[in-house]
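The values are calculated or read from the model by the stated rules, or taken from the named source; none is laboratory data. No experiment lies behind these values; they were computed from the predicted model shown. Here the Cβ is made from the backbone with ideal geometry for all residues, glycine too, and neighbour counts use every protein chain on show.
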Amino acid sequence: MKKILFITFYWPPSGKASMHWPLKMIKYLPEFGWDASVLTVEKDTFSDEDNSFENELPENLQVIRTRFWDPFNLYKKFLGKSSREKLVASEALTKTNNSLAQRISIWIRMNLFVPDARMGWYFPGVSDARKILQKQKFDAILTNGPPHTTHLLGKKLSSEFNIPLVSVFIDPWVDIAYYKNQIRNYLTLKLDNYFEKSVVQSASKLIFVTKGLISYFKEKYPFISGKENLLYWGYNEEDFENIECPSNQNKDEITILHAGNIFDYQNPKEFWKMLRRKIDKGEKIKLKFVGTVGPAIKEEITKNNLAPVTEYLGFLPYKDVVKEMCAADYLLVCATEPRHVPGKLFEYMRTQNKIIAFGDTNEEVHEILQGTNSGMLFSYKDSAEKIFDKNISLKTNLQEVKKFDRRVIAEKLAGILNEL
């Protein structure tokens with residue numbers, strides 16, 4: 001059995017969605033000849049906790065938890081929040097809150113934390129990992145980012161101990177979506193681009209979770225040709241066992257659910273207006289949000305008098321999120337741009353409920369939805385009213401969806417690792 005060290009910032013009991021992919025890869029990789037250990041942090045203070053995942057950890061899994069400096073503790077004090085208050089991801093970089101403290105905090109985050117706000121993990125992470133690598137032999141190191149500090153940590157260890165590096169990019173680096181409309185100075189961008197280039201040069205294999213990301217990185221760094229690989233984010237088939245999906249049974253009230261974070265820049269304004277018109281005509285519609293919701297989106301919902309039919313459920317344990325997905329009639333997802341395929345899309349497809357997707361020029365999301373016959377993609381300027389037409393035939397092809405099961409993806413990952 002070969003050994004691989006996974007370096008991932010998010011790990012149980014963190015309830016962050018970014019944790020799901022490495023967790024499931026580690027769970028299934030032993031079936032395909034790879035035994036994993038994990039390097040992570042002592043505690044992620046930003047994310048809510050979901051202790052249910054602790055039961056999924058493989059027996060005898062070696063988890064190395066290291067110290068790290070967390071700037072978000074200072075951030076909370078700066079904004080006048082108590083140490084016990086949770087930070088909301090969709091509000092951290094919002095411009096709806098135009099207070100001086102918020103503007104200063106955003107500038108600091110954009111320009112002084114390079115490559116990201118987890119930079120405080122780099123030195124303690126390297127130091128603690130060294131102690132393990134000096135005693136144990138590993139055949140590969142896999143880094144999972146963002147946060148992209150993870151990749152820098154892995155690059156350093158790979159170089160020092162001569163272990164092949166596999167870097168997994170869930171999102172872009174230098175111009176990740178939530179940097180949109182933010183100001184970053186010249187020196188910050190130059191340094192960040194240097195870090196990014198150094199990682200893609202050093203990695204023996206690069207894994208991207210979308211075709212759009214591959215195209216973007218290959219255009220920026222033509223020299224990566226030949227070491228790029230596509231592994232979609234996927235979903236876990238076991239998570240849907242013993243849950244009735246779909247549950248769309250000609251109910252009088254239609255439920256539309258959005259799961260995960262939805263940011264101000266993902267605001268389908270015409271959709272909210274259309275829902276108001278349908279309600280005014282006597283249709284019964286309920287809106288549900290699981291996770292965090294940007295202030296601008298809440299304002300738009302209130303503006304369209306949808307607040308009385310809207311529930312903000314906040315953070316829920318993952319098993320409850322799956323149940324909410326299955327209980328809904330329509331599932332809302334907002335793709336940001338051509339490089340982005342939202343991770344929740346795969347879980348949405350598995351429910352077999354109809355998917356309403358927004359995303360300008362996102363051909364990849366369109367292809368996936370069309371290939372599984374599970375939903376429709378609309379422009380942010382569109383109302384998406386067409387999907388409610390009774391003549392629209394959407395019946396999910398479950399066999400196509402199951403190709404995105406993470407056990408299948410883990411087998412493909414093992415094949416990539418075997419080429420090192």
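Listing for the model above:
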quantity	calculated
Contacts under 7 angstrom Cβ, first residue in segment 147-171 being in contact (Cβ under 8 Å) with a residue 40 or more places away in the chain, partner of a type in the set (D, E, K, R) and assigned to a strand (DSSP E or B), 6 or more apart	Val166/Lys205
Subset of segment 50-72 (residues that are free of Cβ contacts under 8 Å to residues at least 24 places away in the same chain and either of a type in the set (Asp, Glu) or closer than 11 Å to Trp11 by Cα (or both))	Glu59
Residue within segment 27-39 that is over 19 Å from the mean Cα position of the chain (by Cα), closer than 16 Å to Val321 by Cβ and not aliphatic (A, V, I, L, M) present	no
Residues of segment 269-284 that turn out to be touching a helix residue (DSSP H, G or I) at 6+ places or on another chain (Cβ under 8 Å) and either without any contact (Cβ under 8 Å) to a residue 60 or more places away in the chain or part of a strand (DSSP E or B) (or both), as a count	2
Residue selected from segment 127-149 under the condition part of a helix (DSSP H, G or I) and over 25 Å from the mean Cα position of the chain (by Cα), by the criterion surrounded by the most Cβ atoms within 10 Å (Cβ to Cβ)	Ala129
Complete set of residues in segment 32-59 that are part of a helix (DSSP H, G or I) and under 17 Å from Ala140 (Cβ atoms)	Phe32
Residue match in segment 327-349 (condition: free of Cβ contacts under 8 Å to residues at least 40 places away in the same chain, part of a loop (DSSP other than H, G, I, E, B) and within 19 Å of the chain's Cα centre (by Cα))	no
Complete set of residues in segment 366-420 that are closer than 26 Å to Asn267 by Cα, part of a helix (DSSP H, G or I) and of a type in the set (Asp, Glu)	Glu367, Glu385
Exclusive hit being at pLDDT below 95, assigned to a loop (DSSP other than H, G, I, E, B) and buried (at least 18 other Cβ atoms within 10 Å of the Cβ), set Gln266, Gln182, Gln249	Gln266
Output for segment 175-200, where each listed residue is free of Cβ contacts under 8 Å to residues at least 40 places away in the same chain and under 15 Å from Pro115 (Cβ atoms)	Asp175, Ile176, Leu187, Leu189, Lys190, Asn193, Tyr194, Lys197, Val200
Leu287 being in a strand (DSSP E or B), out of contact with any Gly (no Cβ under 8 Å at 6 or more places or on another chain) and under 27 Å from Leu213 (Cβ atoms)	no
Meets criteria (at pLDDT below 85 and surrounded by 20 or more Cβ atoms within 10 Å (Cβ to Cβ)) for Ser14	no
Single condition Leu153 does not satisfy, out of (1) part of a helix (DSSP H, G or I); (2) at pLDDT below 95	(2)
Of the criteria (1) farther than 17 Å from Ala259 by Cα; (2) among the acidic types (Asp, Glu); (3) modelled with pLDDT of 95 or more, which one Asp360 fails	(3)
